[in-house]
1. Condition test on Y76, is it more than 18 Å from S28 (Cβ to Cβ) and open to solvent by 10 Å² or more (accessible area, probe 1.4 Å)?
2. From the list N25, N36, N13, exactly one residue is open to solvent by 40 Å² or more (accessible area, probe 1.4 Å) and more than 31 Å from the chain's Cα centre (by Cα). Which is it?
3. Quick check: is even one residue across the range 98-106 of a type in the set (D, E, K, R) and surrounded by 14 or more Cβ atoms within 10 Å (Cβ to Cβ)?
Amino acid sequence: MNKLFVGMDVSLNDVKVHILDQEGNDASSRFSVENNPHGCDVIVSRILECCNKYNIQKVFIGLESTSVYGWHLQYYLADHSALKPYQPSITTFNANIINAFKKSLGNLPKNDWIDAFAIAEKLRFGRLPKSCSVDFRYLALQRLTRHRFHIVNSIVREKIISSAICSLSLAVCAKIKSLVIILEQLLLKYLMSFSPLMILRLDRLMSLPAFWLTRVKIALMIQKLQLNCFKRLFTSLIELMLL
(Lines give C-alpha, C1' and ligand atoms only; values in the text may rest on other atoms or scores of the structure.)
Protein backbone atom coordinates (compact mmCIF):
# COMPACT_ATOMS: atom_id res chain seq x y z
CA MET A 1 0.00 0.00 0.00
CA ASN A 2 1.45 3.30 -1.08
CA LYS A 3 1.27 5.97 1.61
CA LEU A 4 1.59 9.73 1.64
CA PHE A 5 2.64 11.77 4.67
CA VAL A 6 1.66 15.42 4.95
CA GLY A 7 3.21 17.56 7.70
CA MET A 8 1.78 21.00 8.37
CA ASP A 9 2.98 23.78 10.64
CA VAL A 10 -0.01 26.02 11.35
CA SER A 11 0.20 29.63 12.49
CA LEU A 12 -2.20 32.54 12.59
CA ASN A 13 -1.39 33.85 9.11
CA ASP A 14 -0.12 30.88 7.11
CA VAL A 15 0.41 27.12 6.90
CA LYS A 16 3.77 25.56 5.98
CA VAL A 17 3.34 22.17 4.25
CA HIS A 18 5.90 19.41 3.65
CA ILE A 19 4.84 16.20 1.84
CA LEU A 20 6.86 12.94 1.95
CA ASP A 21 6.36 9.58 0.30
CA GLN A 22 6.76 6.30 2.17
CA GLU A 23 10.49 6.21 1.37
CA GLY A 24 11.07 9.58 3.03
CA ASN A 25 11.59 11.48 -0.21
CA ASP A 26 9.88 14.73 -1.05
CA ALA A 27 6.69 13.93 -2.93
CA SER A 28 6.29 17.61 -3.72
CA SER A 29 8.22 20.78 -3.17
CA ARG A 30 7.40 22.37 0.14
CA PHE A 31 4.94 25.24 -0.04
CA SER A 32 3.17 27.78 2.10
CA VAL A 33 -0.45 28.93 1.90
CA GLU A 34 -2.52 31.46 3.79
CA ASN A 35 -4.55 30.18 6.70
CA ASN A 36 -7.94 30.76 5.07
CA PRO A 37 -10.45 28.79 2.92
CA HIS A 38 -8.49 29.41 -0.28
CA GLY A 39 -5.30 28.11 1.34
CA CYS A 40 -7.17 24.96 2.44
CA ASP A 41 -8.26 24.36 -1.17
CA VAL A 42 -4.64 24.70 -2.34
CA ILE A 43 -3.50 22.10 0.20
CA VAL A 44 -6.20 19.66 -0.98
CA SER A 45 -5.25 20.15 -4.64
CA ARG A 46 -1.54 19.55 -3.95
CA ILE A 47 -2.34 16.40 -1.96
CA LEU A 48 -4.50 15.11 -4.81
CA GLU A 49 -1.72 15.77 -7.32
CA CYS A 50 0.68 13.67 -5.24
CA CYS A 51 -1.91 10.92 -4.81
CA ASN A 52 -2.45 10.66 -8.57
CA LYS A 53 1.26 10.84 -9.29
CA TYR A 54 2.35 8.12 -6.86
CA ASN A 55 -0.78 5.95 -6.90
CA ILE A 56 -1.46 6.56 -3.22
CA GLN A 57 -3.98 4.46 -1.29
CA LYS A 58 -3.60 6.02 2.18
CA VAL A 59 -2.93 9.62 3.27
CA PHE A 60 -1.59 10.56 6.70
CA ILE A 61 -1.89 14.20 7.73
CA GLY A 62 -0.32 15.67 10.87
CA LEU A 63 -0.20 19.03 12.59
CA GLU A 64 0.65 20.40 15.99
CA SER A 65 -2.11 21.34 18.39
CA THR A 66 -2.46 25.11 18.01
CA SER A 67 -5.77 25.82 19.72
CA VAL A 68 -7.97 27.93 17.41
CA TYR A 69 -5.45 28.18 14.55
CA GLY A 70 -5.72 24.69 13.11
CA TRP A 71 -8.93 22.92 14.13
CA HIS A 72 -10.88 24.27 11.15
CA LEU A 73 -8.20 22.97 8.77
CA GLN A 74 -8.30 19.59 10.48
CA TYR A 75 -12.07 19.30 10.07
CA TYR A 76 -11.96 20.61 6.50
CA LEU A 77 -9.45 17.97 5.37
CA ALA A 78 -11.21 15.16 7.23
CA ASP A 79 -14.57 16.00 5.66
CA HIS A 80 -13.40 16.83 2.13
CA SER A 81 -15.14 14.58 -0.39
CA ALA A 82 -12.17 14.49 -2.78
CA LEU A 83 -9.92 12.99 -0.08
CA LYS A 84 -12.39 10.31 1.05
CA PRO A 85 -11.06 7.62 -1.37
CA TYR A 86 -7.62 7.93 0.26
CA GLN A 87 -8.92 7.36 3.80
CA PRO A 88 -7.22 10.41 5.33
CA SER A 89 -5.93 9.87 8.86
CA ILE A 90 -5.41 13.15 10.69
CA THR A 91 -3.25 13.28 13.82
CA THR A 92 -2.89 16.26 16.13
CA PHE A 93 0.46 16.22 17.94
CA ASN A 94 1.43 17.77 21.22
CA ALA A 95 4.27 20.20 20.52
CA ASN A 96 6.48 18.42 23.09
CA ILE A 97 6.28 15.18 21.06
CA ILE A 98 7.54 16.92 17.91
CA ASN A 99 10.30 18.74 19.81
CA ALA A 100 11.51 15.46 21.31
CA PHE A 101 11.37 13.73 17.91
CA LYS A 102 13.38 16.51 16.22
CA LYS A 103 16.28 15.79 18.56
CA SER A 104 16.58 12.33 17.00
CA LEU A 105 16.92 13.91 13.55
CA GLY A 106 20.15 15.68 14.39
CA ASN A 107 21.04 19.31 14.88
CA LEU A 108 18.32 20.93 12.79
CA PRO A 109 17.65 24.66 12.69
CA LYS A 110 14.56 26.00 14.36
CA ASN A 111 11.99 27.30 11.87
CA ASP A 112 8.49 26.50 10.63
CA TRP A 113 9.71 24.54 7.58
CA ILE A 114 11.71 22.19 9.80
CA ASP A 115 8.68 21.74 12.04
CA ALA A 116 6.52 20.74 9.05
CA PHE A 117 9.23 18.30 7.89
CA ALA A 118 9.55 16.80 11.41
CA ILE A 119 5.78 16.26 11.59
CA ALA A 120 5.80 14.44 8.23
CA GLU A 121 8.74 12.29 9.36
CA LYS A 122 6.99 11.47 12.62
CA LEU A 123 3.97 10.30 10.64
CA ARG A 124 6.24 8.12 8.49
CA PHE A 125 8.05 6.58 11.48
CA GLY A 126 4.79 5.52 13.08
CA ARG A 127 4.01 5.00 16.79
CA LEU A 128 1.49 7.80 16.53
CA PRO A 129 -0.46 9.05 19.54
CA LYS A 130 -4.11 8.22 19.73
CA SER A 131 -5.95 11.10 18.11
CA CYS A 132 -9.55 12.17 18.62
CA SER A 133 -11.91 11.22 15.84
CA VAL A 134 -12.76 14.11 13.57
CA ASP A 135 -16.53 14.41 13.54
CA PHE A 136 -18.58 17.58 13.19
CA ARG A 137 -21.27 16.12 15.45
CA TYR A 138 -18.92 16.36 18.42
CA LEU A 139 -17.47 19.77 17.60
CA ALA A 140 -19.86 21.78 19.80
CA LEU A 141 -19.41 19.36 22.73
CA GLN A 142 -15.63 19.53 22.34
CA ARG A 143 -15.56 23.33 22.39
CA LEU A 144 -17.92 23.50 25.39
CA THR A 145 -15.85 20.94 27.30
CA ARG A 146 -12.63 22.84 26.64
CA HIS A 147 -14.20 26.15 27.69
CA ARG A 148 -15.55 24.57 30.89
CA PHE A 149 -12.10 23.11 31.61
CA HIS A 150 -10.57 26.56 31.10
CA ILE A 151 -13.17 28.21 33.38
CA VAL A 152 -12.63 25.66 36.16
CA ASN A 153 -8.86 26.16 35.97
CA SER A 154 -9.37 29.94 36.14
CA ILE A 155 -11.59 29.60 39.22
CA VAL A 156 -9.02 27.36 40.93
CA ARG A 157 -6.24 29.81 40.11
CA GLU A 158 -8.24 32.75 41.52
CA LYS A 159 -9.02 30.79 44.68
CA ILE A 160 -5.33 30.05 45.19
CA ILE A 161 -4.47 33.73 44.69
CA SER A 162 -7.23 34.80 47.11
CA SER A 163 -6.02 32.32 49.74
CA ALA A 164 -2.48 33.64 49.35
CA ILE A 165 -3.70 37.23 49.76
CA CYS A 166 -5.72 36.29 52.87
CA SER A 167 -2.72 34.51 54.39
CA LEU A 168 -0.54 37.54 53.66
CA SER A 169 -3.17 39.86 55.15
CA LEU A 170 -3.33 37.77 58.32
CA ALA A 171 0.44 37.85 58.60
CA VAL A 172 0.42 41.64 58.21
CA CYS A 173 -2.37 41.93 60.80
CA ALA A 174 -0.31 39.85 63.22
CA LYS A 175 2.64 42.19 62.73
CA ILE A 176 0.40 45.23 63.21
CA LYS A 177 -1.02 43.71 66.39
CA SER A 178 2.48 43.30 67.76
CA LEU A 179 3.18 46.93 66.85
CA VAL A 180 0.02 48.00 68.67
CA ILE A 181 1.18 46.21 71.82
CA ILE A 182 4.58 47.90 71.59
CA LEU A 183 2.93 51.30 71.10
CA GLU A 184 0.63 50.78 74.07
CA GLN A 185 3.61 49.92 76.23
CA LEU A 186 5.50 53.00 75.00
CA LEU A 187 2.49 55.21 75.59
CA LEU A 188 1.96 53.83 79.08
CA LYS A 189 5.63 54.39 79.84
CA TYR A 190 5.30 57.95 78.53
CA LEU A 191 2.27 58.69 80.72
CA MET A 192 3.96 57.16 83.74
CA SER A 193 6.90 59.49 83.20
CA PHE A 194 4.84 62.50 84.36
CA SER A 195 6.55 64.46 87.12
CA PRO A 196 5.14 64.27 90.68
CA LEU A 197 4.11 67.92 90.35
CA MET A 198 1.88 67.09 87.37
CA ILE A 199 0.35 64.13 89.21
CA LEU A 200 -0.25 66.36 92.27
CA ARG A 201 -1.96 68.93 90.10
CA LEU A 202 -4.21 66.23 88.64
CA ASP A 203 -5.08 65.02 92.14
CA ARG A 204 -5.90 68.57 93.20
CA LEU A 205 -7.97 69.08 90.08
CA MET A 206 -10.00 65.96 90.83
CA SER A 207 -10.55 67.09 94.46
CA LEU A 208 -11.90 70.51 93.52
CA PRO A 209 -15.70 70.48 93.53
CA ALA A 210 -15.79 73.83 91.67
CA PHE A 211 -14.93 72.04 88.41
CA TRP A 212 -17.64 69.40 88.98
CA LEU A 213 -15.28 66.85 87.53
CA THR A 214 -15.27 63.36 88.81
CA ARG A 215 -12.39 60.96 88.60
CA VAL A 216 -14.22 59.17 85.76
CA LYS A 217 -14.27 62.34 83.63
CA ILE A 218 -10.60 62.92 84.26
CA ALA A 219 -9.90 59.29 83.29
CA LEU A 220 -11.90 59.76 80.10
CA MET A 221 -9.95 62.88 79.24
CA ILE A 222 -6.68 61.06 79.77
CA GLN A 223 -7.94 58.11 77.71
CA LYS A 224 -8.88 60.49 74.87
CA LEU A 225 -5.41 62.01 75.04
CA GLN A 226 -3.92 58.50 74.85
CA LEU A 227 -6.07 57.65 71.84
CA ASN A 228 -5.07 60.78 69.93
CA CYS A 229 -1.38 60.17 70.60
CA PHE A 230 -1.75 56.52 69.67
CA LYS A 231 -3.53 57.33 66.39
CA ARG A 232 -0.81 59.75 65.34
CA LEU A 233 1.95 57.30 66.18
CA PHE A 234 0.12 54.40 64.53
CA THR A 235 -0.50 56.40 61.33
CA SER A 236 3.16 57.37 61.14
CA LEU A 237 4.24 53.76 61.55
CA ILE A 238 1.87 52.56 58.81
CA GLU A 239 3.20 55.22 56.44
CA LEU A 240 6.75 54.09 57.18
CA MET A 241 5.80 50.46 56.49
CA LEU A 242 4.30 51.38 53.12
CA LEU A 243 7.39 53.26 51.93
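1. On the way: more than 18 Å from S28 (Cβ to Cβ): yes; open to solvent by 10 Å² or more (accessible area, probe 1.4 Å): yes.
In short, yes.
2. Working: N36 fails: more than 31 Å from the chain's Cα centre (by Cα); N13 fails: more than 31 Å from the chain's Cα centre (by Cα).
That would be N25, the only listed residue that is open to solvent by 40 Å² or more (accessible area, probe 1.4 Å) and more than 31 Å from the chain's Cα centre (by Cα).
3. Of the range 98-106, the ones of a type in the set (D, E, K, R) are 102-103.
Restricting the remaining residues to those that are surrounded by 14 or more Cβ atoms within 10 Å (Cβ to Cβ) gives 102.
Yes; the residues of the range 98-106 include at least one that is of a type in the set (D, E, K, R) and surrounded by 14 or more Cβ atoms within 10 Å (Cβ to Cβ).
The values are calculated or read from the model by the stated rules, or taken from the named source; none is laboratory data. Note that the structure is predicted; figures quoted are calculated from it, not measured. Please note: Cβ atoms are built from the backbone with ideal geometry, for glycine as well, and neighbour counts cover all protein chains shown. Just so you know, the surface numbers come from the protein's heavy atoms only, side chains and all, with ligands and any DNA or RNA stripped out. Shrake-Rupley method; radii C 1.70, N 1.55, O 1.52, S 1.80 Å.
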